[in-house]
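Trainee: Structure incoming, see below.
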Amino acid sequence: MYRLTRFLFLAFITITYAEPSEGNEEKSFAISLASMVPLLDVEKQLIEILENYVKKLEDKVVFLKALGDEMVEENLESLKDPEGYVSNPLNSFRLIRRLQRDWINIEAYIITHKEENEYVEAMAAHHKQMPTSIDLQDAVEGIDRLQTVYDLEIDAMANGILNGKQYKYRLSSLDRYTMGVHLFDQKRYQDALFWLYSSILSYQNNSFNTVLDFHKTKIFELYAESLLELNRPKDALTAISRAAELNIFDTRLLKRKNDIEMLAKTHKLVPQEQRGGEPTDFQLGCRGNFSTIPSKLYCIYNTTTTAFLRLAPFKMEFLSLDPYIALYHDVLTDREIVTLKDLVKTNLKRATVFDKYQQKNTINHERTAKISWLPDDSSNTTLGIIQKLADMTGLNTSGWEPMQIMNYGLGGHFKEHFDFFNFSEMSDVEQGGSTIFPNIRTVVSPRKGTALVWYNLDNALNADSRTLHAACPVLAGSKWGA
């Protein structure tokens, strides 16, 4: 029999979140939904600290209590179904942004008062559990990836509509402004304008934005700078004028307005717009634009690969004969799924990819997930799954590599690549997360307990380029893989 390295195995299942280990835990919250669930409890504890502090500040109780109540409402709702809450990418992004930015600003507001000591001490205990600026960057990139790959209308997305489905939660004006800042820094000025305009439309004057030092002038100012980068100084003048009107005592804004006004009078360059190119096959596949014509192939009960299958045949669906791709149904049991979850719950680490130039594994934004390795002696369940591989394929599994379990986070994906290692994926996903083969225009949606098997080498043991594949970003839901 051929060795196991001749094929690739994927099993799609859903696993609920596993609690993190104590002590020095790696963060990278945004790239794994499992890592985000405990952040909801962190935020709950922060709210409780805030509420206790408010009770001791009688002269400020009305202002700070209103702030706490506003945050409590959503947090309590999220804790009814924690994984379901973070499975929505809008919620995941907002959670990361709130914990990385809003609470720091709240702390800055609190410590300006003499009653600060008790509050600051309570807050300090949670600092190690909170996201970093890198986590926020990951979250922003995740939202941008979803919007770009699935070609979502920005204002609709911000208002909770993902691929035509309306969800309860929405991005705030500050969430949208954060997206605009990120895209501006990336010199994607046209895209930044859409998010900033959406931020302007959704802005509300309230105590929350006051505490966070977030004013409409900031949005108009960055909107004006984005327009300038696109050689549109006259439109930029209109935007910066609005900012100046909102803060007439800001001399810096007035000076900037005068500079832009002078530029508008002397400007002769043609306005430019940044346009994206044609969508890639990867994007088309993820958007569902590949052919939906039913396959002319067939399904069977596989009873012949090994003797054991005569007693317990596998449900087998042929997706392609050249290259060979087959989908097996009902491969993993619920008990096996729970066991795999328990085995990795304390060891998820940020995924890496092998860099052929550096000759080592490195962090790469083309793969956003957390992983954990399971050695062959980790459990009888692991050995049982490997035996199922042998039963499905008839291959010798004596040289198999350790099983890798992974969980995708906000906008989690894996760009086009070839696999020459054993690999598996797991989950029912509400929206997105499909495995696509762009060269043969084939899409396979994740489904609980199924296994996708293909050969990535041809009969001459040469790499088969037609097996190029990718994992589409998870739009809504939780995707696990092994």
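Trainee: Do we have Lys388 as of a type in the set (Lys, Arg), under 16 Å from Val331 (Cα atoms) and not in a loop (DSSP other than H, G, I, E, B) here?
Mentor: yes
Trainee: Still on this structure, please answer the following. Within the stretch 432-482, can you find the residues that are in a loop (DSSP other than H, G, I, E, B), out of contact with any Cys (no Cβ under 8 Å at 6 or more places or on another chain) and under 20 Å from Gly411 (Cα atoms)?
Mentor: Of everything in the stretch 432-482, those that are in a loop (DSSP other than H, G, I, E, B), out of contact with any Cys (no Cβ under 8 Å at 6 or more places or on another chain) and under 20 Å from Gly411 (Cα atoms) turn out to be Pro438, Ser445, Pro446, Arg447, Lys448, Gly477, Ser478, Lys479, Ala482.
Trainee: Could you look through the stretch 263-273, keep only residues that are open to solvent by 70 Å² or more (accessible area, probe 1.4 Å) and touching a helix residue (DSSP H, G or I) at 6+ places or on another chain (Cβ under 6 Å), and pick out the one that is modelled with the lowest pLDDT?
Mentor: Residue satisfying both the conditions and the ranking: Glu273.
Trainee: A further question on this structure: So which helices (runs of 4 or more DSSP H) stay within the stretch 89-165 end to end and still have 2 or more residues that are farther than 19 Å from Glu430 by Cβ and open to solvent by 30 Å² or more (accessible area, probe 1.4 Å)?
Mentor: 103-110, 116-124, 133-149
Trainee: Could you tell me whether Tyr223 is among the hydroxyl-bearing types (Ser, Thr, Tyr), in contact with a helix residue (DSSP H, G or I) (Cβ under 6 Å, 6 or more places away or on another chain) and assigned to a helix (DSSP H, G or I)?
Mentor: Yes: the conditions hold for Tyr223.
Trainee: Within the stretch 239-251, which residues are open to solvent by 80 Å² or more (accessible area, probe 1.4 Å), within 14 Å of Leu222 (Cβ to Cβ) and out of contact with any Ser or Thr (no Cβ under 7 Å at 6 or more places or on another chain)?
Mentor: Within the stretch 239-251, Arg242 is the sole residue that qualifies.
Trainee: Please work out which residue is nearest to Asp135 (Cα to Cα), limiting yourself to the stretch 355-377 and to residues that are modelled with pLDDT under 70 and surrounded by 13 or more Cβ atoms within 10 Å (Cβ to Cβ).
Mentor: Asn364
Trainee: Looking at the stretch 255-262, is at least one residue part of a loop (DSSP other than H, G, I, E, B), more than 30 Å from Tyr150 (Cα to Cα), open to solvent by less than 70 Å² (accessible area, probe 1.4 Å) and not small (Gly, Ala, Ser)?
Mentor: No: zero hits.
The values are calculated or read from the model by the stated rules, or taken from the named source; none is laboratory data. It should be emphasised that the depicted structure is a prediction, and the values quoted were computed from it without experimental measurement. Ideal geometry is used to build each Cβ from the backbone, glycine not excepted, and the neighbour counts take in all protein chains shown. Ligands, DNA and RNA are stripped out before the accessible areas are found, and what is left, the full protein with its side chains, is counted by its heavy atoms. Shrake-Rupley method; radii C 1.70, N 1.55, O 1.52, S 1.80 Å.
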